[in-house]
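Structure, as structure tokens:
Nothing in this text is a laboratory measurement; each read-out follows from the coordinates by a stated rule. Fair warning: this is a prediction, and the values are worked out from it, not measured in the lab. Note that we place each Cβ from the backbone using ideal geometry, even for glycine, and neighbour counts take in every protein chain shown.
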Amino acid sequence: MEIFVFPELLYSLVLANILSPRIWEWRNHDWFRNLDSMKPYKKIQRLKQFIIDHYEFNLDLDTWGLTTKEEELARFAPFMDENTIAQSNALFGYAGDKHYFSLDIRKHFGLDQYTTNIIPFWKTETLEAMDAFKFKENYRAGAGECVSLSTLYAAALFIVCDIPLEDIFLLATPLHSQNFINVNEGVLTNNRRLVTKNMWFNGTDLTARAQRALRHEQVTIVAHNSGFIHTVYPEATISPESFALFRKKLDAFTTTEITYEILANFLRDRSEHQKCFQIKYLRHGREQYLPIERAFAYEHGSPYKVSDKATCDKLLDQIDELDFYTAPIEDRIQLNKLSDYLKNNPISHFDDENMKGLASKIDCTGDMDRKMSVIEGLVDFIHLDPELPAIENKHFNGPGPIEIKPGMLRDEIFHYLQSIRTSHPVADLAFYASRDLATADWKPFLKAAFERNPVVIDATKDLPDEELIQTLSKLPNESIYDGSRIAQPDEVWNFLRGDGLECAIALANVWKSRHPDTALELTVSDGKVVLKLEQKELYFKSSKGLVKQIVL
């Protein structure tokens, strides 16, 4: 929700991951040995497998707790009205993706056990919090939701694969977040996986799921190292030239010509049209004809595909001869004939004359409505026009691009971002997103700690005060963050570990929820943390190197 209302935050998360020393360690991992000798797409494939091996997709209700629609709407009321916010999220009334609204959205997300105003936080995690899921029960490795994975991918593409930031575009829709990478014909990240242009048109269920956001949802934000563009706000900070390049590349990625392979992939994806087609096969010198839906049924579990002319005959040879007809099936077009036509007449849907020629070849039943249904479905399959933020009436004005380049060292990037903080909001927000309290004002961190961390409060509600103190004081003194970066209270509880300062803040959060009128005092100095609770003084050890005295 914060990202929809404050779009500068999306790219700040990328920069927070770029600032993380942990992601720079990936470059020394054996998996990326000899990466410099690989071409860009091969590098990206290596990265994909590393992410698949080390991170799971996570979108449960328990990790970061629950809130209410009313509370969230009140938070954002000064910045955006309720009707506009409703466009941002399915749980606030968004109804763009018909897939989700053919079922009960609250039941789909497991919210039907609660009253209708309850919604989850679903916080976005940076790399360290994603890694820390390995400490949670029932997780084999790290984990994160779609924004976490997309911002992790963007940072890793830059650091590990040397992909320039200029070639990485982040796309946010009301239900999803993914990236478009300007490499070869384009690569789309989708949670942990990748989609190439060839994969986009392969007609498989996995690809259909990967297409869902761009096919059915408004792209609300496009973020880039040069800035962002948002559907709601009249001002865009992205470079107009960069956005124009992105639109051109994405349009080419989601458009293809009609060939035999693409037609067969279309029929695999849009199975309702298979009833118009048959396929001819020569067995023992005799022509036989098969309803094409039978051929697709045999694809399951087979290495051979209808769409691959080199292996199609091998697939057909596996099918029982009793499934075939000895004469052409009435009112069905022969895919082979259409293939021969397409071989000599490659068709683009932009060419009206060729499309009319194709329509004349699709003559099943002679039913014009049925024929047009096939044509319209095919056109929709071979060309998607994503609903991007419109540039009309946009005022392009930004602070300029984040000018960090492949080959720069982490310290160089850190000092560069520090140097532009006063003039570049995204660079400034990167230090807040990375939770670095040596370089950021503590107030936003503490506001979040005391207002946005319900899990530790709920989980410890049955503990008496003294037992609460003992429980949080005895957690392993291990932070999930390096250096002066600090975990929020729910991270301390979820991963059952924390630096002494983090545990003290988590304890203060719970204490204030129980005793809201009590003034607390937190002092950090020389590796010691003192938390004053009424007449008590509690002591913790900290290795964060921070110095601060605060009345909470």
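A few notes on this one:
- Note on residue 467 and residue 340: the model spin-label points, each 7 Å out from Cα along the C-beta direction, lie 8.2 nm apart.
- Other residues within the sphere of radius under 13 Å centred on the Cβ of residue 552, judged by their own Cβ, net out at +1 (K and R +1, D and E -1).
- Computing FRET efficiency as 1/(1 + (r/R0)^6) for residue 138 and residue 206, where r is the C-beta to C-beta distance and R0 is 25 Å, gives about 0.50.
- For the range 377-388, the Karplus equation 6.51 cos²θ - 1.76 cosθ + 1.60, evaluated at θ = phi - 60°, returns couplings of x, 5, 4, 5, 5, 8, 8, 10, 10, x, 7, 8 Hz by residue, with Gly and Pro reported as x.
- Tensor-based shape of the range 437-551 (alpha-carbon gyration tensor, a/c under 1.5 rounded, otherwise prolate or oblate): rounded
- Taking each residue as 0.36 nm, the span from residue 73 to residue 218 lengthens on full extension beyond its C-alpha to C-alpha distance by 50.1 nm.
- For the range 260-382, the direction-averaged projected area of the alpha-carbon convex hull comes to 7.5 nm².
- Calculated FRET efficiency, residue 36 to residue 330, Cβ-Cβ distance, R0 = 60 Å: about 0.50 to the nearest 0.05.
- Stretchable slack from residue 438 to residue 496, in nm (0.36 nm times residue separation minus alpha-carbon distance): 18.5 nm
- Of the GluC sites (Glu not before Pro) in the range 138-197, the ones in a loop by DSSP (not H, G, I, E or B) with at most 16 other beta carbons within 10 Å are 185.
- Pairwise FRET efficiency - residue 271 versus residue 412, Cβ, R0 = 56 Å, nearest 0.05: 0.55
- The average projected area of the range 391-448, computed from the convex hull of its Cα atoms over all directions, is 5.8 nm².
- Only one residue of 6, 437, 31 has its Cα farthest out toward the positive end of the dipole of the chain, where Lys and Arg carry +1 and Asp and Glu -1 on Cβ, and that residue is 31.
- Taking 7 Å steps out from each Cα toward its Cβ at residue 2 and residue 474 produces label points 3.3 nm apart.
- Calculated Rg and Dmax of the chain using C-alpha coordinates, Å: 27.7, 97
- The range 213-307: chymotrypsin sites (Phe, Trp or Tyr not before Pro) in DSSP coil with no more than 10 other Cβ atoms inside 10 Å: none
- Within the chain, helix-based [θ] at 222 nm, where runs of 4 or more DSSP H residues each add -39,500 (n - 2.57), nearest 500: -11500 deg cm²/dmol
- Greater than 28 Å apart at Cα, pairs in 69/548; 123/443; 43/249; 42/394; 314/356: 69/548; 42/394; 314/356
- Length released on extending from residue 197 to residue 22, taking residue separation times 0.36 nm less the Cα-Cα span: 59.8 nm
- Relative contact order (percent, whole number), the chain, Cα cutoff 8 Å, 6+ residue spacing: 14 percent
- Candidates 285, 342, 377 compared by Cα position along the dipole of the range 260-382: farthest toward the positive end lies 285, with charges placed on Cβ.
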